[in-house]
1. Can you name the residue in region 55-90 that is under 15 Å from the mean Cα position of the chain (by Cα), within 12 Å of the ligand (Cβ to nearest atom) and open to solvent by 70 Å² or more (accessible area, probe 1.4 Å) and, of all such residues, is modelled with the lowest pLDDT?
2. Can you work out which of the residues in region 1-47 that are open to solvent by 70 Å² or more (accessible area, probe 1.4 Å) and assigned to a loop (DSSP other than H, G, I, E, B) is nearest to Cys64 (Cα to Cα)?
3. Read through the list (1) within 16 Å of the ligand (Cβ to nearest atom); (2) at pLDDT below 95; (3) among the hydrophobic types (A, V, I, L, M, F, W, C); (4) not in a strand (DSSP E or B), then give the number of the only condition that Phe52 fails.
4. What is the number of the single condition among (1) free of Cβ contacts under 8 Å to residues at least 40 places away in the same chain; (2) touching a Phe, Trp or Tyr at 6+ places or on another chain (Cβ under 6 Å) that Ser44 does not meet?
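The values are calculated or read from the model by the stated rules, or taken from the named source; none is laboratory data. This is a predicted model, so every value here is computed, not measured. Don't worry about glycine lacking a Cβ; one is built from the backbone with ideal geometry, like all the others, and counts go over all protein chains shown. Only protein heavy atoms, including side chains, enter the accessible area calculation; ligands, DNA and RNA are left aside. Shrake-Rupley method; radii C 1.70, N 1.55, O 1.52, S 1.80 Å.
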Amino acid sequence: MITVQLHDKTFELFIPQEEIEKRIDVLSQMIVNDLGDTKPVFISVLNGAFMFTSEIVKRFPYNCEVDFLKISSYVGTTSSGNVNLTTNSIKASLANRNIIILEDIIDTGLTIKSLLNALSKYNPEKIYIATLLFKPEVYKFKNEIDINYIGFNISNEFVVGYGLDYDGLGRNLLDIYKLNQI
Ligand code: 5GP
């Protein structure tokens, strides 16, 4: 078993880089087909979505803008329930534009809900949501908020790598690892 040690915890290989990249190829193609040459604004949710964002925008062949929002709701390996959100950092003009939110992972959905509320105020044409990972078992907004592009549905495990961290470590790992429960 391939494992990595981060702080006090051991994580085991879960989704290898090759599989992630193949899936991102598919998601990107869906985004290109749906958005086309509409000059969309990609909004990347930092810190975790930086690698996913880079891979998605590299595959987008038309004019687009890329902006970043810094949010955090996790402390250690559990959600704090409080989402710190400010949209002041967004420089692109969002009115009548297609927005694509790029998330590393959607867990309870609280982050994405506050983000949608905040971004709706800018009167965009449409807001799409793309996430590399999705935890359907814990998602609270099944009938309310549709996730347009999902890389992988995963069970309720704590994962790291490909941008995701455990207390600051693991973001640079090219594969995704899950917490070893033993
Ligand atoms: P939500 O608001 O959907 O419950 O949580 C979303 C945020 O929690 C993600 O953007 C991410 O920062 C963090 N998060 C949720 N699940 C995990 C996980 O398994 N691993 C890591 N590293 N962060 C997670």
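1. Here the answer is Tyr74.
2. Lys39
3. Looking at each condition in turn, Phe52 falls short on (2).
4. Ser44 satisfies every listed condition except (1).
Results for (1) under 16 Å from the mean Cα position of the chain (by Cα); (2) open to solvent by 40 Å² or more (accessible area, probe 1.4 Å); (3) more than 9 Å from the ligand (Cβ to nearest atom); (4) of a type outside the set (Val, Ile, Thr), shown as yes or no for each residue.
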| position | (1), (2), (3), (4) |
| --- | --- |
| Thr131 | yes, no, no, no |
| Phe141 | no, no, yes, yes |
| Ile145 | yes, no, yes, no |
| Asn148 | yes, yes, yes, yes |
